[in-house]
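Read the structure below first, then the notes.
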Amino acid sequence: MRSMRPTLLLACFVLTPMSAFADQTDPPPLSTAPAEFRTLPREYRLDGIIEAVNRSTVSAQTQGQIQEILYDVDDFVEKGALLARIKDTEHRTRVSQAAADLKAASARLRQAQEEHDRVAGLYRTKNVSESAMDKARADLDSAKAELEAATARLEAAQEQLAHTEVRAPYSGIVIQRHVERGEIVSPGTPIMSGISLDALRVAVDVPQSVIPAVRGDTDASRRAWVYLPDGTRVESGRLTIFPFADPGSNTFKVRVELPPSAGASDRALFPGMYVKTSFVVGEKSELTVPKSAVVQRSEVTGIYVVGEGDHLHFRQIRLGRALDDAYVVLAGLSEGEPVALDPIAAGARLKSQTPVRHVEGEEQRHD
């Protein structure tokens, strides 16, 4: 027992200074960034309605009885797909008759050509009169014209036969079916209506006081954003501004073209939906902070601010619109105040309120 006491005393003597040194070790610095003003586009927001660029009604182009309907409302149809079939018995008969007429016209043309060549040979040797030669030429020209007419009749009959199959002009969704099986249709009778979700746009009624700023002087100034239901926004590819105002509301209709990725990939947008649309009408300077610095504590939105003497405190702020990498601050913060970019580490530091050494932009220790 006596031999162990010096060993324990030596261990306590060695460990005690190390522990004291560990307690005195400075905590790592917090990464901070100052609140700063940015020159941002000034937006004017309005409600818009999603529209399908391709919205059409497919009609019959020939007469006949509806024999088959292959799609119904809410069905997705590929481009070129067969929508409906019209009874084609009569049309096939016309094609056969036109083909027979073409065959007969071809035979008559060969006969007239042979007769013309024979008479022409005799005419060169002065064995037939000029009137016989003229008759041979007229018969050949008549046979050629008859062949052309027969060819045209066959092409028309084949086209009418092709019209018995009603096909989709583009890929889309069926929104209405106008006929039923067994009905008699004629050229112009509506068969089916559909829309395409691959190309969408937003229709917005813009007040006349805003139109001059929306028009702009250059294509770069004619910008607009559409806010999707998930909170993200997409920039419009092109604006179409109608050259006249509505007499009742004194507003101009503006079409905001959407890129295909806005709704075609996951079908997030559908015609008839309301979306927020903002137009760039100028520029203004606004105070911003990085998104990573903002934290939500219960119902309070705030940030951790590093004050004088490296004193850390939590401050409530009021946010404006969200940017790609930052938030606009409407109240609660001043320009140049450093904010912690890691709210979790700042919250843990605030509990002990250890003096904070901060660096702007990245973590570095001060000597």
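Structure summary
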quantity	calculated
Condition broken by Ala98, with the remaining ones in (1) outside the structural domain of Ala168 (by TED's automatic domain parsing); (2) of a type in the set (Gly, Ala, Ser); (3) loosely packed, with under 15 Cβ neighbours inside 10 Å satisfied	(3)
Residue match in region 245-255 (condition: farther than 26 Å from Phe37 by Cα, modelled with pLDDT of 90 or more, part of a strand (DSSP E or B) and of a type in the set (S, T, N, Q))	yes
Evaluation of Val185 against (1) buried (at least 17 other Cβ atoms within 10 Å of the Cβ); (2) modelled with pLDDT of 90 or more; (3) touching a helix residue (DSSP H, G or I) at 6+ places or on another chain (Cβ under 8 Å) (one fails), failing number	(3)
Some residue of region 26-36 being part of a loop (DSSP other than H, G, I, E, B), surrounded by 13 or more Cβ atoms within 10 Å (Cβ to Cβ) and modelled with pLDDT of 90 or more	no
Yes/no for Ala152 being farther than 20 Å from Glu68 by Cβ and hydrophobic (A, V, I, L, M, F, W, C)	yes
Leading residue by the ranking (modelled with the lowest pLDDT) among those in region 267-307 that are surrounded by fewer than 15 Cβ atoms within 10 Å (Cβ to Cβ) and outside any strand (DSSP E or B)	Arg267
Selection within region 129-167 - in contact with a helix residue (DSSP H, G or I) (Cβ under 7 Å, 6 or more places away or on another chain), surrounded by 18 or more Cβ atoms within 10 Å (Cβ to Cβ) and of a type in the set (A, V, I, L, M)	Ala136, Leu140, Ala143, Leu147, Ala150, Leu154, Ala157, Leu161
Selection status of Ala213, outside any strand (DSSP E or B) and out of contact with any Leu (no Cβ under 9 Å at 6 or more places or on another chain)	yes
Only one of Ala84, Ala138, Ala112 that is of a type outside the set (Lys, Arg) and outside any helix (DSSP H, G or I)	Ala84
Number of the condition not met by Arg321 [criteria: (1) free of Cβ contacts under 8 Å to residues at least 24 places away in the same chain; (2) assigned to a strand (DSSP E or B)]	(1)
Region 61-76, residues that are touching a residue at least 24 places away in the same chain (Cβ under 8 Å) and either among the basic types (Lys, Arg) or not in a strand (DSSP E or B) (or both)	Gln61, Thr62, Gln63, Tyr71, Asp72, Val73, Asp74, Asp75
Ser196 surrounded by 18 or more Cβ atoms within 10 Å (Cβ to Cβ), under 30 Å from Ala162 (Cβ atoms), of a type in the set (S, T, N, Q) and out of contact with any Cys (no Cβ under 7 Å at 6 or more places or on another chain)	yes
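The values are calculated or read from the model by the stated rules, or taken from the named source; none is laboratory data. Here the structure is a predicted model, which means the values were calculated and not measured. Neighbour counts run over all protein chains shown; Cβ positions are idealised from the backbone, glycine included.
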